[in-house]
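Derivation of every value follows stated rules applied to the coordinates shown; laboratory data play no part. Everything numeric in this text was worked out from a predicted model, so none of it was measured. Glycine gets a Cβ as well: all are built from the backbone with ideal geometry, and neighbour counts include every protein chain shown.
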């Protein structure tokens, strides 16, 4: 483990896969398998579907696993059919909120200004906030990945207060690396993109000196996790389907710690 933090950040987004019962069984198994891993070295988090959040928050040990939401509306209440508000998530015990996932941007038309409002609301309501940014295959071919990442970060973090920065995490998720057909970024390339993002964060928030965790997500597996986490700019892993089996998730954790 060679990132900038003594602590490793590792989590998984369950997307729309496990039912409530399946999520509970998975959580119980994951807690049992990883209970012996000192949490002074690890922040472990899971983002279940909305229907599982309340039961999972009740069943989880917050000292072992953080439970987060995959999305959140920025308003506390209103005529927003199908949305979930900050007080709703706070009441059931959610600690972490994700904003800006590539699938939200691509499939549901979320724009950078919307991501910014979600980030601001999440931080203002006391949640830890995981901001996702990423480049496309077209960006890579055109040589504009760094520009695209800078724009996403600058827009999403507009007007973020300095006192909230200790609750901000960022995930680099190349769009071309996520999903069933994704191809994981080479460790060196991922590290290069993390370094670019780190410099953007330094430019935006010089008082933090880049001390905002940046996680890599995109086809992380048992085979490549160790190579990724050995990169000096990578502070954690945001794992997809490789973590949806608790035993395999446990194997990945033990390989990278």
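Going 7 Å from the Cα of residue 151 toward and past its Cβ, which residues in segment 178-208 have a backbone nitrogen under 11 Å from where you end up?
none
Give, in nm to one decimal, the length gained when the segment between residue 51 and residue 15 is fully stretched (0.36 nm per residue of separation minus the Cα-Cα distance). Spell out each step's value before the answer.
Details: separation 36, 0.36 × 36 = 12.96 nm, distance 1.16 nm.
Gain on stretching residue 51 to residue 15: 11.8 nm.
On average over all directions, what projected area in square nanometres does the chain have, based on the convex hull of its Cα atoms?
12.5 nm²
List 84, 119 from most exposed to least, where exposure is judged by having the fewest other Cβ atoms within 10 Å.
Details: 84 17, 119 27.
Exposure proxy ranking, most exposed first: 84, 119.
Just want to confirm a number: the relative contact order over segment 8-256, from Cα pairs under 8 angstrom separated by 6+ residues, in percent.
For segment 8-256, the relative contact order is 19 percent.
In nm, give the distance between the simple-model label positions of residue 141 and residue 199, each being 7 Å from the Cα along the Cα-to-Cβ direction.
Result for the modelled spin labels: 2.6 nm.
When 49, 221 are ordered from fewest to most other Cβ atoms inside 10 Å of their Cβ, what list results?
221, 49
Put a dot 7 Å past each Cα toward the Cβ at residue 117 and residue 41; how far apart are the dots in nm?
If labels sit at residue 41 and residue 117, their model points lie 4.4 nm apart.
State whether segment 2-81 is rounded, prolate or oblate according to the following rule on the C-alpha gyration tensor (a ≥ b ≥ c being the square roots of its eigenvalues): a/c under 1.5 gives rounded; otherwise a/b larger than b/c gives prolate, and the remaining case gives oblate.
Details: a/c = 2.41, a/b = 1.45, b/c = 1.66.
Oblate.
At 222 nm, what value in deg cm²/dmol follows for the chain if DSSP H runs of at least 4 each add -39500 (n - 2.57) and the sum is divided by all its residues, to the nearest 500? Walk me through the numbers before you get to the answer.
Working: 10 runs with 104 residues, N = 257.
About -12000 deg cm²/dmol.
By counting other Cβ atoms within 10 Å of each Cβ, how are 57, 230 ranked from fewest to most?
Lowest to highest Cβ neighbour count: 230, 57.
For residue 92 and residue 161, FRET efficiency with R0 = 22 Å and r from the beta-carbon atoms, rounded to 0.05?
Here the calculated transfer efficiency is 0.30.
Run the paramagnetic zone check for residue 64: 7 angstrom along Cα to Cβ, then residues of segment 6-35 with backbone nitrogen under 17 Å.
The answer is 10-12, 22-35, whose backbone nitrogens lie closer than 17 Å to the label point.
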